[in-house]
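Since the structure comes first, as structure tokens, the remarks are kept for the end.
Values quoted throughout were computed directly from the atomic coordinates according to the rules given, and no laboratory measurement underlies them. Here the structure is a predicted model, which means the values were calculated and not measured. Note: ideal-geometry Cβ built from the backbone for every residue, glycine included; neighbour counts use all protein chains shown.
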Number of protein chains: 2
Amino acid sequence: MINKLTEKIRKTHAPIVVGLDPMLNYIPKHIQEAAFKACGETLEGAAEAIWQFNKEIVDATYDLIPAVKPQIAMYEQFGIPGLMAFKKTVDYCKEKDLVVIGDIKRGDIGSTSAAYAAGHIGKVQVGSKEYAGFDEDFVTVNPYLGSDGVNPFIDVCKKEKKGLFILVKTSNPSSGEFQDQLVNGRPLYELVGQKVAEWGQECMGDTYSYIGAVVGATYPEMGKILRRIMPKAYILVPGYGAQGGQGKDLVHFFNEDGLGAIVNSSRGIIAAYKQEKYAKMGEADFADASRKAVEDMIADIDGALQAAK
Amino acid sequence: MINKLTEKIRKTHAPIVVGLDPMLNYIPKHIQEAAFKACGETLEGAAEAIWQFNKEIVDATYDLIPAVKPQIAMYEQFGIPGLMAFKKTVDYCKEKDLVVIGDIKRGDIGSTSAAYAAGHIGKVQVGSKEYAGFDEDFVTVNPYLGSDGVNPFIDVCKKEKKGLFILVKTSNPSSGEFQDQLVNGRPLYELVGQKVAEWGQECMGDTYSYIGAVVGATYPEMGKILRRIMPKAYILVPGYGAQGGQGKDLVHFFNEDGLGAIVNSSRGIIAAYKQEKYAKMGEADFADASRKAVEDMIADIDGALQAAK
């Protein structure tokens, strides 16, 4: 799957991923109203609004981008109907040949991590049959529990040719509270980065490992160091746009081959129509605004990469 | 909710929680066969088997215990039908007046953590209405992302009078890989424990905070230290029984009032009928074996607590 991701990034010239994290207040009124009319002001109604919203955005952008990253929390908050919209979104994006990164940040121990891995990137045995519960291509994983928690995910990746992005340095302001603590003079996130590089060694695709890392756009200096610590890991970079990161901050997340990083934007793309810059396109044409925002993001990052050459 | 938990522990003399983590191979053949007959060898069939299994165990033990802890991964692996069985289990246990600890180990940043919190212990707004997606009483939370990730859960706890158990020192062999790293001469888990104590200060129930911690039974010496660092935090203790912990290892997780800790057993209770000790009761009476295992566990822990007085 890392080969497919790399190939699609090369082909689209777009090292970006669209975060499908639909809050209800991002969703245009006409979509919400139609969904509530069909299903009532219920969890099912919210899920229907999310699905219709996602579908229009995917239809408007899928030819420009290699991948999407649905954030499962935004679906899980609407209970079972919300998770059904998540699954529908994953399936639809795969139909459009997009690489799907499930942003699930799961992590537990032994058989429990194995269960998450089976449910999200693997298969589960039921009697004589096998089923894929959610069937994403990559998932994000929390490393706090150590190798016991991560290895079951890696085992499934090897079997299914899927991949992981392991949290190393997250984009939020308080990420340093634990992640930056010095261990033998070096911050904890470097230690985690080193483990990611180790875990990734035996999981190589053609040029990159399918064990990647999450490093926030908001910490470019740390990104530079982590790039060197994990040369073969793809870095998933959240925090672009709404959280403050810009194209010029991101060049050090990439390798000299112009690959090795994929930058996420969620709100900046899916709620683009709410920004002054795109507002004139109108709420009804929100998906066109998303397409324009994707084009602008690609230009920003590509421009920064070219300027850095 | 911490008051309810404390009250129920006092009343039952059972500082224990039954982990409802049903792997299919724990479930007696006759239940699996009936479920597959009704729903086929499908995800729905697996979910039906899980639900019937859980229901019998809850019916056989609910009067002895204060709480249950369903591990969501074991349901999530069966996709949407699995999560429907999770929800059904949560609802049924609440009908039986059990405190339900959702072992979800979620953790993300800002609005994403807020979405998880809304979905699991809070309510979500849909138009003019509010809904509770999963509606557990407590959830487990991963602290790797720092205060930004935890505070949204705390906000919901304050509003809804619910509670958290934050991962401090997990029970697995490799938990030390990151958690034991020395920060200014003290292990990281102590730093996390200190934060749990701080977060808990403004969330006090009558005698304990509703911000608790997870500390593995497999690390009794660390439990002793963490008990002192977080005197008002309830400690959820996994790793009893199957993972190797015993009653005598657990006394230091408790305060002098005999409260302050709640010990989880999953496999040791729900798959008791597979142990030599209970096997003579037979697979058909698996729930009676679970009841006997609960009684034995209460006696073991109570005995250890009395001996330590």
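At an R0 of 41 angstrom, the distance between the Cβ atoms of A:Lys159 and B:Asn151 translates into a FRET efficiency of 0.60.
Taking 25 Å as R0, compute the FRET efficiency from the Cβ-Cβ separation of B:Gln125 and A:Lys280 and round it to 0.05. Display every interim value, and only then the final one.
Values: r = 30 Å, r/R0 = 1.18.
Once the sixth-power term is evaluated, E becomes 0.25.
In a reduced charge model with +1 at each Lys and Arg Cβ and -1 at each Asp and Glu Cβ, the protein assembly as shown shows a dipole moment near 580 debye about its Cα centre.
Computed from label points 7 Å out along Cα-Cβ, the spacing between B:His30 and A:Leu182 is 6.5 nm. With the charge dipole of the protein assembly as shown set up from +1 on Lys and Arg Cβ and -1 on Asp and Glu Cβ about the Cα centre, the Cα lying farthest toward the positive end among the listed residues B:Gln275, B:Leu226, B:Gly119 is that of B:Leu226. Positive end of the dipole of region B:2-308 (Cβ unit charges, origin at the Cα centre): among B:Ala307, B:Pro81, B:Pro28, the Cα lying farthest that way belongs to B:Ala307. Ordering B:Met281, A:Met74 from the fewest to the most neighbouring beta carbons within 10 Å gives B:Met281, A:Met74. Remark: label point of B:Asn151 defined 7 Å out from Cα along the Cα-Cβ vector; separations to the same position in other copies 3.8 nm, ascending. Applying the Karplus relation 6.51 cos²θ - 1.76 cosθ + 1.60 with θ = phi - 60° to region A:186-193 yields 3J(HN,Hα) values of 10, x, 3, 4, 5, 5, 5, x Hz, where x marks Gly and Pro. Listed from fewest to most Cβ neighbours within 10 Å, the set A:Ile166, B:Ile109 follows the order B:Ile109, A:Ile166. What's log10 of I(q)/I(0) for region A:141-182 at q = 0.32 Å⁻¹, Debye sum over Cα points only, no solvent? Reported log10 I(q)/I(0), two decimals: -1.10.
Arrange B:Val215, A:Val58, A:Val17 by Cβ neighbour counts within 10 Å, fewest through most, would you? Spell out each step's value before the answer.
On the way: B:Val215 32, A:Val58 21, A:Val17 29.
By the 10 Å Cβ count, ascending: A:Val58, A:Val17, B:Val215.
B:Lys158: which aspartates and glutamates have alpha carbons under 17 Å from its alpha carbon, excluding same-chain residues fewer than 8 sequence positions away? Partners within reach: B:Asp135, B:Glu136, B:Asp137, B:Asp148, B:Glu198, B:Glu202, B:Asp206.
Could you tell me the center-to-center distance, by alpha carbons, between region A:8-22 and region A:210-287 in angstrom? Each part's Cα centre sits 10 Å from the other's.
Can you check what the Kirkwood hydrodynamic radius comes to for region A:2-308, Cα pairs only, in Å to one decimal? Walk me through the numbers before you get to the answer.
Working: mean 1/r = 0.0510 Å⁻¹.
Value: 19.6 Å, from the Cα pair sum.
With its label point defined 7 Å out from Cα along the Cα-to-Cβ axis, A:Glu256 lies at 6.7 nm from the matching points of the other copies, in increasing order.
Across the identical copies, the 7 Å label point of B:Gly40, projected outward along Cα→Cβ, sits 2.9 nm from its counterparts, in ascending order.
Calculate how many DSSP beta bridges within the protein assembly as shown are antiparallel, expressed in % of all such bridges and rounded to the nearest 5. Bridges in the protein assembly as shown are about 20 percent antiparallel. Applying 1/(1 + (r/R0)^6) with r as the Cβ-Cβ distance of A:Asp257 and A:Asp97 and R0 = 25 angstrom yields a FRET efficiency of 0.60. For region B:2-308, what is the percent of antiparallel DSSP beta bridges, rounded to the nearest 5? That works out to approximately 20 percent antiparallel. Each label was represented as a point 7 Å from its Cα along the Cα-to-Cβ direction; for A:Leu64 and B:Asp206 these points are 6.0 nm apart.
Ellipsoid fit via the Cα gyration tensor, the protein assembly as shown: semi-axes of 40, 27, 23 Å, each the root of five times an eigenvalue, largest first.
Per 0.36 nm of contour for each residue apart, how much would the distance between A:Lys309 and A:Lys11 grow if the chain were fully extended, relative to their Cα-Cα spacing?
Working: separation 298, 0.36 × 298 = 107.28 nm, distance 1.96 nm.
Residue separation times 0.36 nm, minus the Cα-Cα distance, leaves 105.3 nm.
Across region B:148-161, computed HN-Hα scalar couplings (Karplus, 6.51 cos²θ - 1.76 cosθ + 1.60, θ = phi - 60°) run 3, x, 8, 4, x, 5, 5, 4, 5, 4, 4, 6, 9, 6 Hz from first to last residue, x flagging Gly and Pro.
Of the cross-linked pairs A:Lys123/B:Lys69; B:Lys69/B:Lys96; A:Lys8/A:Lys87; A:Lys11/A:Lys96; B:Lys96/B:Lys232, which ones have a Cα-Cα span greater than 20 Å in the structure shown?
Values: A:Lys123/B:Lys69 25 Å; B:Lys69/B:Lys96 14 Å; A:Lys8/A:Lys87 23 Å; A:Lys11/A:Lys96 15 Å; B:Lys96/B:Lys232 28 Å.
Pairs exceeding 20 Å: A:Lys123/B:Lys69; A:Lys8/A:Lys87; B:Lys96/B:Lys232.
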